[in-house]
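Read the structure below first, then the notes.
The values are calculated or read from the model by the stated rules, or taken from the named source; none is laboratory data. What you see is a predicted model; the values in this text were computed from it and never measured. Note that we place each Cβ from the backbone using ideal geometry, even for glycine, and neighbour counts take in every protein chain shown.
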Amino acid sequence: MPRRKHLTLRVLGRREILLKPIRERAAADLGFDIEFESVDGIEGIQRAVIRPESFDIYHQWHTVDLIWTARSIQPIDVRRIPAWDEVERLANLHSGDRQICSDMFRQLYVQSDGRLGPQVTDRVSMVPTIHGMDGFGYLRSHRDEIMKGEPESWAWLLDDRWRGRVGLLRDPSLGMMEAALAADAAGLVHFQDITNLSIEEIDELVGILTEKKRLGHFRGLWETYEDAVRLMDRGGAAIQSIFSPAVTELRRRGIDVVCSTPAEGYRGWHSDLCISSRSTGAVLDAAYEYLNWWLEGWAGAVLARQGYYMSVREKIRRYLSADEWSYWYEGEPAAGDLPDPYGNVCVRAGERRDGGSYIERMSRVRVWNTFMDDHNYLARRWSEFLAA
């Protein structure tokens, strides 16, 4: 496409999404400059909330209610999204009688009173794109050594048999949720709602974690997936919270890490495209072009090669080989070696994806990432745990 000079679209998000090949392809296809800025964890959320003038597009993670309330993003007109019908079909995806992607639509539509909800309207807060589920990762050799034959459980993160070799996610929202899943599975605490802990439950959980830390239970905490790779590759961790790109990279390095299928269920997540409330004119038009480009499938195929799913599955399939689709989406053994987003072999022939097919894995999601009502208190207590 002919270049549009003096037009640059600024995209804010996490580094495991904002990959160089995606930026380069988008800029070439769309004909204008695109800047990716990777800001991870709580820093990225704070930036999106208080500085909407600093970005045009935000790849948000479980924070739409927060940034919507702060008026940092603007409504998206679905009439300008040609593939919207395909996105909406995801709401009706079921496993048996269970709707398995419902959380993506819980705060999607702008209601008549300006709030967000599931009732369909022609304005939305975000465009659902990539999604998936996380368990924990562990070294197969260590599991066979100390707990062979036991079903995988979040409780392992707090099990004394892994003492000194456990890694946790540093992010307060996700770290606390995974710790709650572990404490609940271990029978240490019973929570009314793991996705919305009370102040008393937060205090009890932080007390457990702080005591574990005092006893040397945790090997380290990580912020980015590269940190997680280093922690398990050379940092001494044998079991830890983990994202799919870290599993892909560790296996590429020849490390036999297993992505668990916890008996209690996965922690589900989705990352969606939002438009800054400050985007107007030609920049706003470019933002819609970028959203629609994502829904054409190429970007989702790139991210499939590190384990992520995309809302427009059939469009993704056109950009994946038959072997890639069979492995990543259908859970079949790899017919041959498969590449990561950069063309390096990350899956060897004969390997099967942990957890099975897309439907099997999504149907096992127990909780979804969210901001809790008492998040500010949770964050303060989490900081105290980190400093202990």
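Which residues, counting only those in region 325-363, are surrounded by fewer than 20 Cβ atoms within 10 Å (Cβ to Cβ) and among the charged types (D, E, K, R)?
Listed by number, the residues that qualify are GLU330, GLU332, ASP337, ASP340, ARG348, GLU351, ARG352, ASP354, GLU360.
Between GLY175, GLY164, which is in contact with a helix residue (DSSP H, G or I) (Cβ under 7 Å, 6 or more places away or on another chain) and either within 21 Å of ASP233 (Cα to Cα) or touching a residue at least 60 places away in the same chain (Cβ under 8 Å) (or both)? Full working, then the answer.
Values: GLY164 fails: in contact with a helix residue (DSSP H, G or I) (Cβ under 7 Å, 6 or more places away or on another chain).
Matching residue, one of GLY175, GLY164: GLY175.
Considering only region 179-202, I want to know if a residue exists there that is part of a helix (DSSP H, G or I) and either within 18 Å of ALA228 (Cα to Cα) or not assigned by TED's automatic domain parsing to the domain that holds TRP382 (or both). Outline the logic, then answer.
Pass one, region 179-202, residues part of a helix (DSSP H, G or I): 179-185, 199-202.
Remaining after also requiring either within 18 Å of ALA228 (Cα to Cα) or not assigned by TED's automatic domain parsing to the domain that holds TRP382 (or both): 179.
Yes, region 179-202 contains at least one residue that is part of a helix (DSSP H, G or I) and either within 18 Å of ALA228 (Cα to Cα) or not assigned by TED's automatic domain parsing to the domain that holds TRP382 (or both).
For region 32-151, give me every one of the strands (runs of 3 or more DSSP E) that falls completely inside it and has 1 or more residues that are in the same structural domain as LEU19 (by TED's automatic domain parsing) and surrounded by fewer than 16 Cβ atoms within 10 Å (Cβ to Cβ). Don't jump to the end; show me each part of the working.
On the way: elements: 33-38, 57-61, 127-134, 136-139.
It comes to 33-38.
Looking at region 306-325, which of its residues are closer than 20 Å to GLU249 by Cα and either assigned to a helix (DSSP H, G or I) or in the same structural domain as ILE242 (by TED's automatic domain parsing) (or both)?
ASP323, GLU324, TRP325 - these are the residues of region 306-325 that are closer than 20 Å to GLU249 by Cα and either assigned to a helix (DSSP H, G or I) or in the same structural domain as ILE242 (by TED's automatic domain parsing) (or both).
Please pick out the residue among SER271, SER244 that is surrounded by 20 or more Cβ atoms within 10 Å (Cβ to Cβ), modelled with pLDDT under 95, in contact with a Cys (Cβ under 8 Å, 6 or more places away or on another chain) and under 30 Å from SER54 (Cβ atoms).
On the way: SER271 fails: in contact with a Cys (Cβ under 8 Å, 6 or more places away or on another chain).
So the residue among SER271, SER244 that is surrounded by 20 or more Cβ atoms within 10 Å (Cβ to Cβ), modelled with pLDDT under 95, in contact with a Cys (Cβ under 8 Å, 6 or more places away or on another chain) and under 30 Å from SER54 (Cβ atoms) is SER244.
Output yes when any residue across region 375-387 is charged (D, E, K, R) and either touching a His at 6+ places or on another chain (Cβ under 9 Å) or under 20 Å from GLY132 (Cα atoms) (or both), and no when none is.
Filtering region 375-387 down to residues charged (D, E, K, R) leaves 380-381, 384.
Imposing the further condition that a residue be either touching a His at 6+ places or on another chain (Cβ under 9 Å) or under 20 Å from GLY132 (Cα atoms) (or both) reduces the set to none.
No.
For region 280-305, enumerate the residues that are of a type outside the set (A, V, I, L, M), touching a residue at least 40 places away in the same chain (Cβ under 8 Å) and either assigned to a helix (DSSP H, G or I) or touching a strand residue (DSSP E or B) at 6+ places or on another chain (Cβ under 8 Å) (or both). Can you show your working first?
So the first thing to find is which residues in region 280-305 are of a type outside the set (A, V, I, L, M), and the list is 280-281, 285, 288-290, 292-294, 296-298, 300, 305.
Right, trim to touching a residue at least 40 places away in the same chain (Cβ under 8 Å) and you get 288-290, 292-294, 296, 298, 300, 305.
Matches in region 280-305: TYR288, GLU289, TYR290, ASN292, TRP293, TRP294, TRP298, GLY300, ARG305.
Considering ARG10, ARG80, ARG14, which residue is farther than 14 Å from TRP293 by Cβ, at pLDDT 95 or above and not aromatic (Phe, Trp, Tyr)? Give the derivation first.
Working: ARG80 fails: farther than 14 Å from TRP293 by Cβ; ARG14 fails: at pLDDT 95 or above.
When all the criteria are applied, what remains is ARG10.
Just checking, does region 133-150 include any residue being touching a Leu at 6+ places or on another chain (Cβ under 6 Å), touching a residue at least 24 places away in the same chain (Cβ under 8 Å) and of a type in the set (Ser, Thr, Tyr)?
no
When the residues of region 346-388 are narrowed to those that are in a helix (DSSP H, G or I) and of a type in the set (Phe, Trp, Tyr), which ends up farthest from GLY216 (Cα to Cα)? Give the derivation first.
Filtering region 346-388 down to residues in a helix (DSSP H, G or I) leaves 358-362, 375-387.
Next, only the ones that are of a type in the set (Phe, Trp, Tyr) stay: 358, 377, 382, 385.
Working: TYR358: 37, TYR377: 25, TRP382: 17, PHE385: 13 Å.
If we take residues in region 346-388 being in a helix (DSSP H, G or I) and of a type in the set (Phe, Trp, Tyr), then TYR358 is farthest from GLY216 (Cα to Cα).
Looking at (1) within 23 Å of SER38 (Cα to Cα); (2) free of Cβ contacts under 8 Å to residues at least 60 places away in the same chain; (3) buried (at least 21 other Cβ atoms within 10 Å of the Cβ), find the lone condition where ARG230 falls short.
(3)
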